[in-house]
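The values are calculated or read from the model by the stated rules, or taken from the named source; none is laboratory data. Remember, it's a predicted structure, so these values are computed and weren't measured experimentally. All Cβ positions, glycine included, derive from the backbone under ideal geometry; neighbour counts span all protein chains shown.
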Amino acid sequence: MTVQHISNAITVLDVAHAQPRRDVVRKPDAPDAIVPHFLHRGHDGFMAVERKVGDAWQTLGNVKASHIGGLFSDEVIAEACQVDSYFSLHGMYSSGRYRQKTNLPALAPFCRNLKSVRWLTCCHVDLDAYKAGMDSHAAIAAVMRLVDAGTLPPPSLFTTSRGAWCIWLLIDQENCNSPLRSYSSDGSTINRWSRIQNALHKTCATIASDPATKHAASVTRIPGSINSKNAQRVSYSFHVNAFTGRPYQYTLPQMELAMLCDVPLAPPRITYRRASSSPEITAVKRRGWHGRWQRVDDVLCQLRNMRGGWKCGHRSMAIFYASTAYRALNLSTADVQRELAAHLDGIEQPQFDAITPAKALATFRSLRVQRHGGPSHQTIADSLDVTPDESALLSVNRRTPFPCASRFSHALPPVKLSAAALTKRRRAAVSSVCASVRGLITGTMVQQHLESLGLRAALATVLRDMEQLGFRSVKSHRIKGKSTTC
C-alpha cells in the first residue's frame with residue numbers, strides 16, 4: 001500500500017474545482033415509463049392508468065408493477081396515453097374486478113381507491129405554482145430554499161408541467177430495493193404516512209400545495225404525455241445524492257424525523273357516547289343517536305384533513321356543525337375545547353375576521369341539543385360544498401355513501417331500498433356474475449364483484465344466494481358430514 005502526501009491527494013482530487021452533479025431535466029417526446037418504474041420497483045401489486053377526456057375521467061386499466069418497464073412499447077397503450085394521461089403513485093391490489101368499456105385489452109381491470117392501496121412508494125406534494133403566480137422552475141427553486149433552510153428533506157424527484165410535483169422516494173427498512181407495505185402488525189403505517197403528508201402540505205402551503213392530492217390514491221401525469229392546458233409535455237428530473245450517486249431515498253422513520261420532530265403527536269380519536277338517565281331512551285336508541293353524530297364528527301374531521309384546514313366560506317359552518325355534533329354527544333367543556341382546537345388548526349383566517357377559540361366555544365354554548373335528528377348529510381354537504389371526489393373518499397367502506405353537494409349535476413341522494421328490494425337486486429347481480437364468469441367460481445370472487453357494483457354483502461350471504469340460485473363455489477367441501485363453502 002502506497003501512502004501519499006496530503007498535498008498530492010488534494011491535487012488528484014482537485015477539490016478546488018469540484019462541481020456538484022447537476023440534475024438533468026428530461027423531457028421525453030412520448031409517454032415514458034422510467035418514473036413509474038422508478039417509484040413502483042416491481043412490487044407484486046398493480047399500477048392504475050387513466051386519462052382525462054375533456055372534464056371526464058376515462059379508465060384505461062391496471063398494469064402489473066413488474067411489467068411497467070415495457071408498458072409503452074405497446075403502440076395502443078402509448079397512443080392512448082399521449083394526452084392528459086395519469087398513473088397511480090402507489091401500488092394497488094385488484095382482484096375479481098369487472099372490465100369497463102374504456103379498459104384497454106392489454107391491461108387488467110381498473111382499480112384505484114384507498115381500500116386497495118397495498119404499497120406506499122413515496123411521499124409527495126402537488127405544487128400548483130401557477131395559482132401563486134410562479135412557474136414550475138420558481139416552484140422547484142422555492143422547494144430547494146426550504147431544503148437549504150432545513151425545513152424539508154432533499155426530494156428524490158421532480159416532475160413538471162404547468163406546476164410541479166415534488167416526490168420523496170420511500171423504501172422498506174428491511175429491503176432498500178422495495179417500496180413500503182401499507183399494512184403492518186399494528187396497522188399504523190397508513191396513519192404515520194398520512195401525518196407526514198399533512199406536514200409536507202403545510203410546509204409547502206405557500207407554494208400552493210394542493211390538499212386534494214394528499215391521500216394514497218392520488219395520481220400524477222405520465223412523463224412524456226402532453227398537458228392539454230399548456231400543450232407541453234411533462235418533464236422530470238432526479239435529485240441525486242452526491243455521496244451515493246443515486247436519487248435520495250428515505251425510510252418512514254427518517255421522513256418522520258425530518259418532518260414531525262417539532263409536531264406534537266396527534267391525540268387519538270375519541271369515541272363519545274351520549275349519556276342519558278331518561279328511561280324513555282332505550283339502549284338501541286342511544287346507540288343509533290351516538291352513531292349518527294359520531295359519523296358527522298368523523299366526516300368533518302376527515303374532510304378537514306383532506307382540505308388541509310377549513311377555508312374562507314366554510315369556516316363558520318364547519319365550526320357550527322362540529323359544535324352541533326359535540327352538543328348532541330354531550331361532550332364536556334374540556335373535550336369540546338380540544339376538538340375545536342383541532343378544527344382551528346390550519347384554518348384560513350382573514351386579518352380582521354378571525355375565529356378565535358373563545359368564539360368557537362361560544363358557538364357551542366349557544367346551541368341546544370338536537371331533538372329531531374338535526375341537519376341531514378345532504379345539508380352538510382351543500383353547506384361545505386363537498387365535491388364528488390371528496391364524497392367518494394368519505395364513502396369508502398360505507399354501506400350508505402356520504403353525498404356530494406347538490407350543485408353537482410350528478411349529485412343524487414342515496415337510494416334507500418327495502419330489505420326485499422336489496423335482496424332482489426343483490427341476487428340478480430350474483431346470477432349475472434356467476435353466469436358471466438368462465439371457469440372456477442368462488443364466493444370470495446363473487447363478493448368482490450358485488451363490491452365493485454356497490455353491493456356490499458357478507459361472504460355467508462353471498463354463498464347462500466349462490467346456493468339458492470343453483471351456483472356452487474369450487475371451494476365447497478365436506479368436513480365431518482357438514483358442507484362447508486368459502
**Asked** Just one of the numbered conditions (1) at pLDDT 90 or above; (2) more than 21 Å from P109 (Cα to Cα) is not true of E79; which one?
**Response** (2)
**Options S431, S476, S452: the member that is touching a helix residue (DSSP H, G or I) at 6+ places or on another chain (Cβ under 9 Å) and at pLDDT below 80** = S476
**Fill in**
Pairs returned, first residue in the stretch 348-362 that is surrounded by 10 or more Cβ atoms within 10 Å (Cβ to Cβ), second residue that is aromatic (F, W, Y), beta-carbon separation under 7 angstrom, 6 or more apart or interchain, are E348/W310
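Considering only the stretch 61-76, I want to know if a residue exists there that is touching a residue at least 12 places away in the same chain (Cβ under 8 Å), touching an Asp or Glu at 6+ places or on another chain (Cβ under 6 Å) and buried (at least 16 other Cβ atoms within 10 Å of the Cβ). Step through it out loud before you land on a result.
Our first condition is that a residue be touching a residue at least 12 places away in the same chain (Cβ under 8 Å); within the stretch 61-76, this holds for 61-66, 68-72, 74, 76.
Next, only the ones that are touching an Asp or Glu at 6+ places or on another chain (Cβ under 6 Å) stay: none.
Within the stretch 61-76, none of the residues are touching a residue at least 12 places away in the same chain (Cβ under 8 Å), touching an Asp or Glu at 6+ places or on another chain (Cβ under 6 Å) and buried (at least 16 other Cβ atoms within 10 Å of the Cβ).
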**Message:** Residues that are within 19 Å of the chain's Cα centre (by Cα) and among the acidic types (D, E), at least 1 per element: which strands (runs of 3 or more DSSP E) completely within the stretch 27-96 meet that?
**Reply:** 46-53
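So that you can scan it fast, the table gives a plain yes or no per residue for (1) in a loop (DSSP other than H, G, I, E, B); (2) without any contact (Cβ under 8 Å) to a residue 24 or more places away in the chain; (3) farther than 22 Å from T213 by Cβ:
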{"position": "N103", "(1), (2), (3)": "yes, no, yes"}
{"position": "R112", "(1), (2), (3)": "yes, no, no"}
{"position": "A139", "(1), (2), (3)": "no, no, no"}
{"position": "A142", "(1), (2), (3)": "no, no, no"}
{"position": "V147", "(1), (2), (3)": "no, yes, no"}
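Look through the stretch 388-402, keep the residues that are touching a helix residue (DSSP H, G or I) at 6+ places or on another chain (Cβ under 8 Å) and not aliphatic (A, V, I, L, M), and return whichever of them is surrounded by the most Cβ atoms within 10 Å (Cβ to Cβ).
F402
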**Considering residues of the stretch 163-201 that are touching a strand residue (DSSP E or B) at 6+ places or on another chain (Cβ under 9 Å) and among the charged types (D, E, K, R) only, the residue farthest from G150 (Cα to Cα)** = R181
**Request:** Pull up the stretch 243-261, narrow it to residues that are without any contact (Cβ under 8 Å) to a residue 40 or more places away in the chain and not in a helix (DSSP H, G or I), then point me to the one that is surrounded by the most Cβ atoms within 10 Å (Cβ to Cβ).
**Result:** R246
**Asked** Could you list, in sequence order, the residues of the stretch 159-213 that are of a type in the set (S, T, Y), surrounded by 18 or more Cβ atoms within 10 Å (Cβ to Cβ) and in a helix (DSSP H, G or I)?
**Response** T213
**Asked** (1) at pLDDT 95 or above; (2) surrounded by fewer than 23 Cβ atoms within 10 Å (Cβ to Cβ): which one isn't true of T121, the others all being true?
**Response** (2)
**Asked** Can you tell me which of V396, V336, V386, V369 is assigned to a loop (DSSP other than H, G, I, E, B) and at pLDDT 80 or above?
**Response** V386
